[in-house]
Amino acid sequence: MITGTFLDEISHDIPSANWGRLEWAKDFESMASAGIDTVILIRAGYRDRCAFHSDVLRKRHGYLIVQDDLVELFLDLAQTHGMTFWFGTYDSGEHWVRGEHQAEIDVNLAFTEEFAQRYGDHPALGGWYISHEIDAFDDGVMRVYESLARHLKGLRDLPILISPYPRGAKQFDRPFTLEEHSQHWSRIFERIEGLVDVVAFQDGQVLYSELPDYLATNADLSRRHGITSWSNVESFDRDVHLKFPPIAWPKLRYKIEAARAAQVDKLITFEYSHFMSPNSMFPSAAGLHRMYMEWKRGEERRG
Amino acid sequence: MITGTFLDEISHDIPSANWGRLEWAKDFESMASAGIDTVILIRAGYRDRCAFHSDVLRKRHGYLIVQDDLVELFLDLAQTHGMTFWFGTYDSGEHWVRGEHQAEIDVNLAFTEEFAQRYGDHPALGGWYISHEIDAFDDGVMRVYESLARHLKGLRDLPILISPYPRGAKQFDRPFTLEEHSQHWSRIFERIEGLVDVVAFQDGQVLYSELPDYLATNADLSRRHGITSWSNVESFDRDVHLKFPPIAWPKLRYKIEAARAAQVDKLITFEYSHFMSPNSMFPSAAGLHRMYMEWKRGEERRG
Amino acid sequence: MITGTFLDEISHDIPSANWGRLEWAKDFESMASAGIDTVILIRAGYRDRCAFHSDVLRKRHGYLIVQDDLVELFLDLAQTHGMTFWFGTYDSGEHWVRGEHQAEIDVNLAFTEEFAQRYGDHPALGGWYISHEIDAFDDGVMRVYESLARHLKGLRDLPILISPYPRGAKQFDRPFTLEEHSQHWSRIFERIEGLVDVVAFQDGQVLYSELPDYLATNADLSRRHGITSWSNVESFDRDVHLKFPPIAWPKLRYKIEAARAAQVDKLITFEYSHFMSPNSMFPSAAGLHRMYMEWKRGEERRG
């Protein structure tokens, strides 16, 4: 079953639901009743937007765009519901995409330190999420992972998660073969072993027919490097014009079953509140929620 | 008035509403009260997705992605409401688009046979829909039509429908002129005469100004070849960025009136549940529903 | 605070909400309670669609696509709520984009005259909106502005509004620098001074970091030419794949505060009913509405 979800504030490319404290409180209740025990802030800041009033980011962007202290809200709601909160790092949206990896590291050292000073002792804090996503070996990003992982462990010794994506046929004109994927991730895992604890590959870029092989390969690679393997079961649909609506239920179920067959350690999703919640801004998420919950109860009865 | 609708399960490019048995039951009630007497399953399978647990397709795709037996559900709901159900063929999404028309025929011979064995005697079954859409003469697709039409009539002698599209200016950089359209469809109608019983052209690709001429040309061509002419009055909007929302009511009304002026035999729509239903996942469909129903009642009063 | 909104009937690129008289009446109530005193019909006609049964446009397009007399409805609703209604001119969608500016002028002379004959005495009518949007100096469009402005003032001597857009980095691969923007608009303002009374720049095309400088430059240019400066605070989000959903609240608040800092004379928005209203077809607009209203009440308390 899906027991974790990203919290997509601050969003790259998904519309805001425009939720305040009450709406988030209601949705955490829904998450809890759906069996979610892990919430992962996808990123605490992106370019000039931030999920809390960060002095570090306000130095970069004097006009920093902030709704409220959503980080505190999420931590408190996670605590209320006995969930673990994973904090997602800042994505400058500029440095690392231009090859300036040291600058990306530097701002994140300060930013995560600021976060740790404010919220490092919060009882719900249970993990770090390094938000820089890759699909192939990249020496610069390896240095980001190494520097941030060491720094984060020093701030508080918690597990570190990344959620990469395969260069799959649904998103790329020249996708990797499974073998190319495997070679790249072999090199990456050698490099991050002992620093990154959990890898949760996104599962929506490859064809449905390829997914079991990708999941098995990823789980096997993880095992050989002592890394925990989760699957990021995307709950939005990549097969339609609209970017992006809740996924069709049979596709989600197929992906869940494929991940279970590959014996990954945990299923998380991107993400509950937009795409799987009865409170979603997309009315079709309510149907996905009903069908998922009905199936989940059936599975639980069958044991 | 619109008296038929496609059922867009399995969808190419429209987001899933994630409806289960209850939601579909509710929507068939709504269809009935809106005067729908004909429901057409747009395709029973597409690539690795299917509307029922087909052994034939499971041989191609071992992991076949199926929600429930929606075909049985739709047949039963159609029967409950005195509607006629038309079964849509399988679209491999690969063979015919690569010119392998015999492979497309072969899988469909087996697939429709499997359907006929299971549901061929269902009292609501009233027609066949060949789901392979074209906009121009194509000898390979003619062979698909010929082979499938003969086979389907052999399975059960019911009318056969296709729903092609004009190569119109709203969708193509180099659209056909009306004359080119007419030449192509003249050749096609010569070829399918006596096999295909009903042609329902889609009405959203050409400019509103051209629509009456296209409708008249299509109705005339149909008449000359003894084919029944329906209009597929698309209820989604092709004029906006979002792909695709419910159409603006005055556009729908214009297209309905244009189709009536061309004296087509029946109006169907793609499709009720996403775009015209008060139960739609798009809130603006509720407004379309209200305005359509109000106008419909007015027209009926006026006779 | 935002005290004006466009009415996006007839729409270019935003899906129709499919609202009838009751829904519009309800939304004007909502607008009034949100402090809207000014409603601007974005265009009364576009190509073959019109917001009322115009004989002038029906001569161009015999099948003119009209829902109802929305112009009368909007005027009456504006009067009920003590709002000022601004009438937006016709956009042929063809003449002026092909350089045939005189044709664009001619149809609008007749069209606005027709409007004035029917509704020119309506007590809610308070302004003219010339709907032809530009981002750079264009001699042809200057002639459109000059001819229409003189004509409209002759029909009824009311203020004239335009709402142009900067050639900003979010929309254009080769955006203008602020200096280029300033040079172009300097030339434009010299030309339209004394004819156009109010300029409300759209605020969503430039980066958030640039917005204050653009607002200040625009306000300064306006002041030097005796033109009133409004800001068109766009309430839809340009940062996500979906085109277009309600904007994230912190972005809207940032833009409102930036416009106030630039001391523009009034904030209007494109537009309330789709993107800021609790009645919107986009569920996430309800959240935007709640957060905006809460913040507005807080600001008002603080004075």
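The values are calculated or read from the model by the stated rules, or taken from the named source; none is laboratory data. Every value quoted in this text rests on a predicted model; they were computed, and no experiment measured them. Virtual Cβ from ideal backbone geometry, glycine too; neighbours counted across all protein chains shown. Side chains are part of the model used for accessible areas, which takes the heavy atoms of the whole protein and leaves out ligands, DNA and RNA. Shrake-Rupley method; radii C 1.70, N 1.55, O 1.52, S 1.80 Å.
Cross-linked pairs B:LYS251/C:LYS251; A:LYS296/C:LYS26; B:LYS243/B:LYS296; A:LYS255/B:LYS255; B:LYS266/C:LYS26; B:LYS26/C:LYS296: Cα-Cα separations exceed 30 Å for B:LYS251/C:LYS251; A:LYS296/C:LYS26; A:LYS255/B:LYS255; B:LYS266/C:LYS26; B:LYS26/C:LYS296.
Apolar share of the accessible surface for chain B: 45 percent from carbon plus sulfur atoms, 1.4 Å probe. Once the 1.4 Å probe is applied to the protein heavy atoms, the protein assembly as shown comes out at 36 Å² accessible per residue. Taking all protein chains together, C:LEU77, A:LEU152 sort by accessible area into C:LEU77, A:LEU152, largest first [probe 1.4 Å].
Phi angles of the stretch A:55-67 translate, via the Karplus equation with coefficients 6.51, -1.76, 1.60 and θ = phi - 60°, into HN-Hα couplings of 5, 4, 6, 5, 5, 6, 10, x, 9, 2, 8, 10, 7 Hz per residue; Gly and Pro are given as x. The value obtained for the stretch C:220-303, namely the Cα convex hull volume divided by the number of residues, is 104 Å³ per residue. Shielding of peptide A:232-241 by partners, expressed as the average count of other chain Cβ atoms within 10 Å per residue Cβ, is 3. Placing a label point 7 Å from the Cα of B:MET1 along the Cα-to-Cβ direction, the distances to the matching points in the other copies come to 4.7, 4.7 nm, shortest first. Computed over all pairs of different Cα atoms, the Kirkwood value for the hydrodynamic radius of the stretch A:135-232 is 13.8 Å. Reported to the nearest whole Å, the Cα centre-to-centre distance from the stretch A:59-107 to the stretch C:64-111 is 46.
In a GNM of chain B with a 10 Å cut-off on Cα contacts, which of B:VAL56, B:VAL198, B:VAL264 has the highest mean-square fluctuation? The residue that fluctuates most here is B:VAL56.
Hey, got the average number of other protein chain Cβ atoms within 10 angstrom for residues in A:284-292? The per-residue average across the peptide is 4. Rg over Rh for the protein assembly as shown works out to 0.98, using Cα positions for both radii and the Kirkwood form for Rh.
Starting from the label point of C:SER209 at 7 Å along Cα→Cβ, the same points in the other copies fall at 4.6, 4.6 nm, in ascending order. Across the identical copies, the label point of C:ASP173 (7 Å from Cα in the Cβ direction) is separated from its matches by 1.3, 1.3 nm, in order from shortest.
Couplings 3J(HN,Hα) for the stretch A:271-282, derived from phi with the Karplus relation 6.51 cos²θ - 1.76 cosθ + 1.60 (θ = phi - 60°), are 9, 4, 5, 7, 10, 10, 9, x, 8, 4, 5, 9 Hz, where x marks Gly and Pro. Rounded, prolate or oblate for the stretch A:1-136? Axes are the square roots of the Cα gyration tensor eigenvalues, ordered a ≥ b ≥ c, and the cut-off for rounded is a/c under 1.5. Prolate, since a/c reaches 1.5 and a/b exceeds b/c. If amide H atoms are built 1.01 Å from N in the plane of the peptide, which residues on other chains or at least 5 residues away come under 5 Å of the amide H of B:LEU7? Answer set, sorted by chain and number: B:ILE40, B:LEU41, B:ILE42. For the stretch A:37-100, the list of chymotrypsin sites (Phe, Trp or Tyr not before Pro) that fall in a loop by DSSP and count at most 15 other C-beta atoms within 10 angstrom reads A:TYR63. Measuring heavy-atom accessible area with a 1.4 angstrom probe and counting protein chains only, the residues of the stretch A:52-79 that give up at least 40 Å² relative to the chain alone are A:TYR63, A:ILE65, A:GLN67. With the Kirkwood sum run over all distinct C-alpha pairs, chain B has a hydrodynamic radius of 19.5 Å. Once B and A are treated as a pair rather than alone, how much accessible area drops out, both sides summed, in Å² to 100, probe 1.4 Å? In total, chains B and A hide about 1700 Å² from solvent.
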